[in-house]
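Visitor: Please read through the structure below; I'll follow up with questions.
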Amino acid sequence: MSTPEPIALIVGLGNPGPRYEGNRHNIGFLVADELAARVGGKFKAHKSGAEIVEGRLGGVRAVLAKPRSFMNLSGGPVAGAAKFYKVQPESLIVIHDELDLPYGTVRLKRGGGENGHNGLRSISKSLGTKDYLRVRFGIDRPPGRMDPADYVLKDFSGAERKELAFFVDLCADAVESLAKEGLEAAQNRFH
C-alpha cells in the first residue's frame, strides 16, 4: 500500500466581495489568484467554507484556498479545508498582509505571533496551534495617525498599484518555492 502524496494547503487571506477587492488586506487573495492562474484552475465553492482550486504547483500537489468568510473569521474555513484534505499545520501556508514590513517586501516564517492580525489569530485559534507557515507581504505602516484597521481596508495607492503586479508575482514565486523546497531553502532565495 502506497502512502498518499503530500498536499500543500495554500491559503490566501482577504475579505470577500467587490467592495474589498483592491484593499491592502486582500493581498492574500491577489496572490492566490495568481497561483490559481499558474495551475490553470478557477476557484469553486467548497463545503469547507472556502473557495478551492486543486492542482500542481512546482510539481507539488497543492490545494489553493480563499476563505469565503470575512478576515476575522478565516479560521473556520481554513480548519475545515485542512480537515477535509487531511493537511497537518506544518503543510499549511498562509499568505497575508504585514504592516511591519516595507511595501512589497516578502518574508517567510513558521509560527510566531499574530502581530494584531485578526485573520491569523482566528486561524491559530481554530487549528489550536500557531505552528504553520506564513508568507508575509509588506504593506507598510499607515501614514500619520491613521488607524491601522482603516489603513488595511483602503485600496493600494496609485504609486503602489504601479508595482503591485510585480510584487504579487514575486510573492507567488516565494509561495511556490516554499511548497516545493521547504522553508529554509525558500528563505535563502527570497530574504
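The values are calculated or read from the model by the stated rules, or taken from the named source; none is laboratory data. The shown structure was predicted, so the numbers you read here are calculated from the model rather than taken from an experiment. Cβ: placed from backbone, ideal geometry, glycine included. Neighbour counts: every protein chain shown. Surface accessibility is based on the protein's heavy atoms, side chains included, excluding ligands, DNA and RNA. Shrake-Rupley method; radii C 1.70, N 1.55, O 1.52, S 1.80 Å.
Visitor: State, in angstrom, two size descriptors of region 114-183 derived from its alpha carbons: Rg to one decimal place and Dmax to the nearest whole number.
Guide: In Å, with Rg to one decimal and Dmax whole: 14.7, 41.
Visitor: When the convex hull of the C-alpha atoms of the chain is computed, what volume per residue in Å³ does it have?
Guide: 116
Visitor: What do you get for trypsin sites (Lys or Arg not before Pro) in region 76-147 restricted to DSSP loop and a cutoff of at most 12 other Cβ within 10 Å of the site's Cβ?
Guide: Filter output for region 76-147: Lys86, Arg145.
Visitor: Using the Kirkwood radius over C-alpha pairs as Rh, can you work out the diffusion coefficient of region 41-93 via Stokes-Einstein at 4 °C, viscosity 1.567 mPa s, in µm² per second?
Guide: Calculated translational D: 115 µm²/s.
Visitor: What does the accessible area per residue of region 117-191 come to in Å², with a 1.4 Å probe and no ligands, DNA or RNA counted?
Guide: Per residue, region 117-191 has an accessible area of 55 Å².
Visitor: Separate question: What's the carbon and sulfur percent of the chain's accessible surface, probe 1.4 angstrom, rounded to a whole number?
Guide: With neighbouring chains kept in place, the figure for the chain is 51 percent.
Visitor: Treat each spin label as a single point 7 Å out from the Cα along the C-beta direction, and report the Thr129 to His191 distance in nm.
Guide: Between Thr129 and His191, the simple spin-label model gives 2.1 nm.
Visitor: Roughly how tilted is helix 27-39, in degrees to the nearest 10 and between 0 and 90, from the longest Cα axis of the chain?
Guide: Here the helix axis deviates by roughly 40 degrees.
Visitor: Subtract the Cα-Cα distance of Lys162 and Asp100 from 0.36 nm times their separation in residues, and report this length gain in nm to one decimal.
Guide: Taking Lys162 through Asp100 to full extension adds about 20.2 nm, to one decimal.
Visitor: Applying the Karplus parametrisation 6.51 cos²θ - 1.76 cosθ + 1.60 with θ = phi - 60° to the phi angles of region 6-11, what ³J(HN,Hα) value in whole Hz is obtained for each residue in order, glycine and proline being reported as x?
Guide: For region 6-11, the Karplus curve yields x, 10, 9, 9, 10, 10 Hz.
Visitor: What ³J(HN,Hα) values, in whole Hz, does the Karplus curve 6.51 cos²θ - 1.76 cosθ + 1.60 give for region 157-171 when θ = phi - 60°, with x put for Gly and Pro?
Guide: Along region 157-171, the couplings run 5, x, 5, 5, 5, 4, 9, 4, 4, 4, 5, 4, 4, 4, 5 Hz.
Visitor: Per 5 Å bin, what percent of the C-alpha pairs of region 77-160 does each bin hold, from zero upward?
Guide: Cα pair-distance distribution for region 77-160, in percent: 3, 13, 24, 21, 16, 12, 7, 3, 1.
Visitor: Return the subset of Lys47/Lys162; Lys86/Lys162; Lys86/Lys109 for which the Cα-Cα distance in this structure is over 30 Å, preserving the input order.
Guide: Beyond 30 Å between Cα atoms: Lys47/Lys162; Lys86/Lys162.
Visitor: Using θ = phi - 60° and the Karplus curve 6.51 cos²θ - 1.76 cosθ + 1.60, what whole-Hz ³J(HN,Hα) does each residue of region 115-127 get, with Gly and Pro shown as x?
Guide: In residue order, the calculated couplings are 6, x, 7, 5, x, 5, 4, 5, 5, 4, 5, 5, 7 Hz.
Visitor: Where in region 6-31 does the label zone of Leu153 land, with the point 7 angstrom along Cα→C-beta and an amide N cut-off under 20 Å?
Guide: 13-30
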